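*Asks:* This is the structure I have questions about; it appears just below.
The values are calculated or read from the model by the stated rules, or taken from the named source; none is laboratory data. Just so it is clear, the structure is predicted and the values come from calculations on it, not from any experiment. In this analysis, Cβ positions are derived from the backbone assuming ideal geometry, glycine residues included, and neighbour counts consider all displayed protein chains.
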Amino acid sequence: MKKKILSAVAGVAVVAGLGATGASAATLDDVKAKGFVQCGVSTGLAGFSAPNDAGDWSGIDVDLCRGIAAAVFGDASAVKYSPLSAKERFTALQSGEIDVLSRNTTWTMSRDTQLGLNFAGVNYYDGQGFMVRKSLGVNSALQLSGASVCVQTGTTTELNLTDYFKANDMTYNPVVFEKLEEVNAAYDANRCDVYTTDQSGLYSIRLGLSAPDEHMVLPEVISKEPLGPVVRQGDDQWFNIVKWVHNAMLNAEEMGVTSENVDEMLNSTDPNVMRLLGKEGTFGDSIGLSNDWAYNVIKQVGNYGEMFERNVGASTPLAIDRGVNALWSKGGLQYAPPIR
Amino acid sequence: MAHQESVASDVDDSGRVSLMNDPKARGLVFQVLLIIAVIYLVYSGVTNAIDNLARAGIASGFGFFGERAGFDIGQSLIPYTNDSTYLRAFFVGLLNTMVVGLIGVFFATIIGFIIGLARLSKNYLVQKFATVYVEMLRNIPLLLQLLFWYKAVLSILPSPRQVGLEPGAEVVFSLNNRGLYMPRIVPEAGSSLILYALLIAIVAWIFIGRWAKKRQMATGQQFPVFFTGLGLIIVLPLLAYLVTGMPLSLEYSSLQGFNMVDGWVIQPEFMALLLGLALYTAAFIAEIVRAGILAVSHGQSEAAYALGIRPNLTSRLVIVPQAMRVIIPPLTSQYLNLIKNSSLAVAIGYPDLVSIFGGTVLNQTGQAVEVISITMLVYLTLSLLTSAFMNWFNSSVALVER
């Protein structure tokens, strides 16, 4: 029920004109005034945004929020998290309840243009896949006709699923839930034969099932799912901050600047590194921050590669390959404009 | 205005009070002012919302209703595909809400009356069972009960493959975690006659009932209306069925591939929601029924017995009609509660209005203000219609005072 109430409250807030604070006021000033970044995350997706036993959030989506806080306050811990369902997320951002939405959210044209929101970059290149029980003896998504498919409501996943089955002239029974945990439980209880969501999500969810080894992710990737942070439209300064925190982490990896060597790198004479770390130029000023904004991000959160390895990389249970998420210079898609 | 010379001059020559001091005129002025204020508030609220939505770059308006929905729905009473419009998706959700509300009200009433009467029973076991039922179900939150039925009862059923059904073999009846599968009646050519026969039987029942009542009033003779009517309802359609050459066939479900196909299926989400709503609301209705019956003074039944009326007839003709006057108004509230509580469906994945329209459609279109206000308006309308119907029903059973 919380969902409905939240959407309703957001609706009322917009009607009452409170939405104005969300739409046009300077988010950076609001954030500085309250002393923390309010970050919208998922209700728990390992590797992307999930709380641990102690209630501390971690994941690559969470690290982006921590990066923003480090850039703004010089303190990566100045973040408060709002766990949001897929359905709640845009309303929460539109109504100003959160400052940035970093919640494995797919960048699509309609979301970018019709919701009054802007996508600030791509934190993770993903694609939708299918997970099934090995005992079904299925090895291709094209054999899934007639299956019951568990899916989360209000996602691009739901639409891609429809399109894929339609395009391949197959039928299915949708079993739709609002919360990720509910979809997980229903799939685990064998309410459906197939679980579909982004492939990274499937790997993460598989770990939480009662018998992970009995499930497999099918090879087909049926969609492009560029996941990235979202901010409200109409506040270019805040949009720039989020965008460039992400770019700074990518540039840092490209230049070999890590959280461990960033202090030594301060003495670097490479102009690229000097501009990144604020030794040269006034790039911090131009986005309303101090000049050591990127230094703080890298020092406290790390570069993109570190973030990836720490949360979803080979050393984690998820063991996701860098694949398309490698830097452009290493055959991937991650490419940040230069700081100059 | 009259000339004002003294306090009493508020009354002019013609004996009329000046407008300033006329309570009627003053009342009218204030009411008009209030209406203007309310209209202004609503107007400024709406224009403010439109301005803010435009400034925030959020699409607004109701144009989205005509667009292609692009998603599928698990249970639909009307033809719906992913090529249908959002408007159609809205109606699918509305009908799903209404069907669970209607069937829920039906079962809650029956169970509620039975349990309510059982609580008054002199049989120790029956009475204690009813007490435990009421105290347990009405004191556990409905959401928990829904989750119990869905996750603890229906979800742990085996899947069709695990049940060990032969692929392709026809099954008469199967309860598994994909739903309750039963044969479906398939009408063939000429079968509409059976439906007409059933309608005729129902109409005949009503007329016989009226005729029998009139006759009893006039002559005192009774007529077995119930059994005649029951006989008609069974015999007439059966005759039609035989005469038209048995134009109905049964379609059985069978396991094919991943799932059961064909037949008639009731989805587990629907079952869980119906069970939860009906059993929970029945506990409240039971208490209302008990209160209604206890509210009829004991002297009424004593008087009936003194006249030689048998206990069965006493409750039917004396107790229940008087109890109904007390029962119906609070019963209406319970019906309204049940219909509104059906929005908890969203927790167990039943595609009701809130789930489809307030969930998926809201998220696909991003138009929270429009979608949420329409959803609220729909629930308001459903509730008002229910109230109106129950008020009409109430006035038809209310005590007619002379």
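*Asks:* Output the residues belonging to region A:161-179 that are crowded, with 20+ Cβ neighbours inside 10 Å and in a helix (DSSP H, G or I).
*Replies:* A:Leu161, A:Thr162, A:Tyr164, A:Phe165
*Asks:* So which residues in region A:242-264 are in a helix (DSSP H, G or I) and closer than 11 Å to A:Ile298 by Cα, if there are any at all? Lay out the reasoning, then the answer.
*Replies:* Just the residues of region A:242-264 that are in a helix (DSSP H, G or I), to begin with: A:242-255, A:262-264.
Correct list: A:Val245, A:His246, A:Ala248, A:Met249, A:Leu250, A:Asn251, A:Ala252, A:Glu253, A:Val262, A:Asp263.
*Asks:* Based on what the data block shows, is B:Leu193 in contact with a Ser or Thr (Cβ under 9 Å, 6 or more places away or on another chain), assigned to a helix (DSSP H, G or I) and within 14 Å of chain A (Cβ to nearest Cβ)? Break it down stepwise before answering.
*Replies:* Details: in contact with a Ser or Thr (Cβ under 9 Å, 6 or more places away or on another chain): yes; assigned to a helix (DSSP H, G or I): yes; within 14 Å of chain A (Cβ to nearest Cβ): no.
Spelling it out, it is not the case that B:Leu193 is in contact with a Ser or Thr (Cβ under 9 Å, 6 or more places away or on another chain), assigned to a helix (DSSP H, G or I) and within 14 Å of chain A (Cβ to nearest Cβ).
*Asks:* Okay, next question. In region A:110-139, how many residues are aliphatic (A, V, I, L, M) and more than 28 Å from B:Ala59 (Cβ to Cβ)? Talk me through it step by step, then tell me what you get.
*Replies:* Filtering region A:110-139 down to residues aliphatic (A, V, I, L, M) leaves A:115, A:117, A:120, A:122, A:131-132, A:136, A:138.
With more than 28 Å from B:Ala59 (Cβ to Cβ) added as a condition, the list becomes A:131-132, A:136, A:138.
Adding up the residues that qualify gives 4.
*Asks:* Just for helices (runs of 4 or more DSSP H) wholly inside region A:55-121: which have at least 2 residues that are surrounded by 21 or more Cβ atoms within 10 Å (Cβ to Cβ), touching a Phe, Trp or Tyr at 6+ places or on another chain (Cβ under 9 Å) and assigned by TED's automatic domain parsing to the domain that holds A:Ala294?
*Replies:* Because the criterion is at least 2 residues that are surrounded by 21 or more Cβ atoms within 10 Å (Cβ to Cβ), touching a Phe, Trp or Tyr at 6+ places or on another chain (Cβ under 9 Å) and assigned by TED's automatic domain parsing to the domain that holds A:Ala294, the helices (runs of 4 or more DSSP H) in region A:55-121 that meet it are A:60-73.
*Asks:* Right, something else. Restricting region B:3-54 to residues that are in a loop (DSSP other than H, G, I, E, B) and of a type in the set (S, T, N, Q), which is modelled with the highest pLDDT? Let's see the steps before the verdict.
*Replies:* Initial filter on region B:3-54 (in a loop (DSSP other than H, G, I, E, B)): B:3-6, B:12-16, B:18, B:22.
Subsequent filtering for residues that are of a type in the set (S, T, N, Q) retains B:4, B:6, B:14, B:18.
Values: B:Gln4: 48, B:Ser6: 48, B:Ser14: 64, B:Ser18: 78.
Result: B:Ser18.
*Asks:* If you don't mind, another one. Identify, by number, the condition in (1) away from every other protein chain (no Cβ under 13 Å); (2) under 30 Å from A:Ile68 (Cβ atoms); (3) not hydroxyl-bearing (Ser, Thr, Tyr) that A:Leu93 doesn't meet.
*Replies:* (1)
*Asks:* Taking the condition at pLDDT below 95, within 21 Å of the chain's Cα centre (by Cα), more than 30 Å from A:Lys166 (Cβ to Cβ) and not assigned by TED's automatic domain parsing to the domain that holds A:Ala141, does A:Asp270 pass?
*Replies:* Numbers: at pLDDT below 95: yes; within 21 Å of the chain's Cα centre (by Cα): no; more than 30 Å from A:Lys166 (Cβ to Cβ): yes; not assigned by TED's automatic domain parsing to the domain that holds A:Ala141: yes.
Considered against the rule, which asks whether it is at pLDDT below 95, within 21 Å of the chain's Cα centre (by Cα), more than 30 Å from A:Lys166 (Cβ to Cβ) and not assigned by TED's automatic domain parsing to the domain that holds A:Ala141, A:Asp270 comes out as no.
*Asks:* Then there is this: Among the listed residues B:Thr314, B:Thr219, B:Thr244, identify the single one that is under 30 Å from B:Ser333 (Cβ atoms) and hydroxyl-bearing (Ser, Thr, Tyr). Before the answer, list the steps.
*Replies:* Values: B:Thr219 fails: under 30 Å from B:Ser333 (Cβ atoms); B:Thr244 fails: under 30 Å from B:Ser333 (Cβ atoms).
B:Thr314 is the lone residue from the list that is under 30 Å from B:Ser333 (Cβ atoms) and hydroxyl-bearing (Ser, Thr, Tyr).
*Asks:* Hey, another quick one. Check off (1) modelled with pLDDT under 90; (2) touching a His at 6+ places or on another chain (Cβ under 8 Å) for A:Met131 and give me the number that stays unchecked.
*Replies:* With respect to (1) modelled with pLDDT under 90; (2) touching a His at 6+ places or on another chain (Cβ under 8 Å), A:Met131 is out only on (1).
*Asks:* Mind checking which residues of region A:122-145 are assigned to a strand (DSSP E or B), at the interface with another protein chain (Cβ under 10 Å from one of its Cβ atoms) and of a type in the set (A, V, I, L, M, F, W, C)?
*Replies:* Of region A:122-145, the ones assigned to a strand (DSSP E or B) are A:124-126, A:128-133.
Next cut, at the interface with another protein chain (Cβ under 10 Å from one of its Cβ atoms) only: A:132-133.
Across region A:122-145, the qualifying residue is only A:Val132.
*Asks:* Residues that are touching a helix residue (DSSP H, G or I) at 6+ places or on another chain (Cβ under 7 Å) and either within 13 Å of chain A (Cβ to nearest Cβ) or hydrophobic (A, V, I, L, M, F, W, C) (or both): find the helices (runs of 4 or more DSSP H) completely inside region B:250-363 holding 2 or more of those. Give the derivation first.
*Replies:* Working: elements: B:268-294, B:298-306, B:311-314, B:320-341.
Per the criteria, B:268-294, B:320-341.
*Asks:* Testing A:Phe36 on (1) at pLDDT 95 or above; (2) aromatic (Phe, Trp, Tyr); (3) surrounded by 21 or more Cβ atoms within 10 Å (Cβ to Cβ), one condition comes back false. Which one is that?
*Replies:* (3)
*Asks:* Suppose we keep only residues that are touching a helix residue (DSSP H, G or I) at 6+ places or on another chain (Cβ under 7 Å) and free of Cβ contacts under 8 Å to residues at least 40 places away in the same chain within region A:186-243. Which one would you say is nearest to A:Val72 (Cα to Cα)?
*Replies:* Checked region A:186-243; the qualifying residue nearest to A:Val72 (Cα to Cα) is A:Leu209.
*Asks:* What pairs come up if the first residue lies in region A:294-310 and is more than 12 Å from A:Glu260 (Cα to Cα) and touching a residue at least 60 places away in the same chain (Cβ under 8 Å), the second is part of a helix (DSSP H, G or I) and among the charged types (D, E, K, R), and their beta carbons are under 6 Å apart, counting only those six or more places apart or on different chains?
*Replies:* Going by the 6 Å Cβ cut-off, the qualifying pairs are A:Met307/A:Asp63.
*Asks:* On to the next question. Does A:Pro271 satisfy the condition of being in contact (Cβ under 8 Å) with a residue 12 or more places away in the chain, of a type outside the set (Ser, Thr, Tyr) and surrounded by fewer than 16 Cβ atoms within 10 Å (Cβ to Cβ)? Write out each step before concluding.
*Replies:* Working: in contact (Cβ under 8 Å) with a residue 12 or more places away in the chain: no; of a type outside the set (Ser, Thr, Tyr): yes; surrounded by fewer than 16 Cβ atoms within 10 Å (Cβ to Cβ): yes.
For A:Pro271, the condition - in contact (Cβ under 8 Å) with a residue 12 or more places away in the chain, of a type outside the set (Ser, Thr, Tyr) and surrounded by fewer than 16 Cβ atoms within 10 Å (Cβ to Cβ) - is not met.
*Asks:* Right, next: Just to verify a result, which residue in region A:146-188, among those that are touching an Asp or Glu at 6+ places or on another chain (Cβ under 8 Å), more than 7 Å from chain B (Cβ to nearest Cβ) and of a type in the set (Ser, Thr, Tyr), is farthest from A:Met109 (Cα to Cα)?
*Replies:* If we take residues in region A:146-188 being touching an Asp or Glu at 6+ places or on another chain (Cβ under 8 Å), more than 7 Å from chain B (Cβ to nearest Cβ) and of a type in the set (Ser, Thr, Tyr), then A:Tyr172 is farthest from A:Met109 (Cα to Cα).
*Asks:* Just checking, how many residues over region A:283-301 are under 10 Å from A:Ala70 (Cβ atoms) and of a type in the set (Gly, Ala, Ser)?
*Replies:* Residues meeting the conditions: 1.
*Asks:* While we're here: Would you point out the residue of region B:144-181, among those that are basic (Lys, Arg) and outside any loop (DSSP other than H, G, I, E, B), that is surrounded by the most Cβ atoms within 10 Å (Cβ to Cβ)?
*Replies:* From region B:144-181, those basic (Lys, Arg) are B:151, B:161, B:178; that's our starting set.
Now drop any that are not outside any loop (DSSP other than H, G, I, E, B), which leaves B:151, B:161.
Working: B:Lys151: 17, B:Arg161: 19.
Only one residue tops the list, namely B:Arg161.
*Asks:* Of a type outside the set (D, E, K, R), over 30 Å from A:Glu178 (Cα atoms) and surrounded by 13 or more Cβ atoms within 10 Å (Cβ to Cβ), is that true of B:Ile200?
*Replies:* Values: of a type outside the set (D, E, K, R): yes; over 30 Å from A:Glu178 (Cα atoms): yes; surrounded by 13 or more Cβ atoms within 10 Å (Cβ to Cβ): yes.
Yes; evaluated as a whole, the condition is true for this residue.
*Asks:* Further question: Scan (1) without any contact (Cβ under 8 Å) to a residue 40 or more places away in the chain; (2) under 27 Å from B:Leu384 (Cα atoms) for the single condition B:Leu344 breaks and write down its number.
*Replies:* Looking at each condition in turn, B:Leu344 falls short on (1).
*Asks:* Let me ask something additional. Please count how many residues of region A:180-203 are assigned to a strand (DSSP E or B) and among the hydroxyl-bearing types (Ser, Thr, Tyr). Let's see the steps before the verdict.
*Replies:* Step one: filter region A:180-203 for residues assigned to a strand (DSSP E or B), giving A:194-198.
Still in the running and among the hydroxyl-bearing types (Ser, Thr, Tyr): A:195-197.
Looking only at that region, the number is 3.
*Asks:* Assigned to a helix (DSSP H, G or I) and without any contact (Cβ under 8 Å) to a residue 40 or more places away in the chain: does that describe B:Ala212?
*Replies:* Numbers: assigned to a helix (DSSP H, G or I): yes; without any contact (Cβ under 8 Å) to a residue 40 or more places away in the chain: yes.
Judged against the criteria, B:Ala212 is a match.
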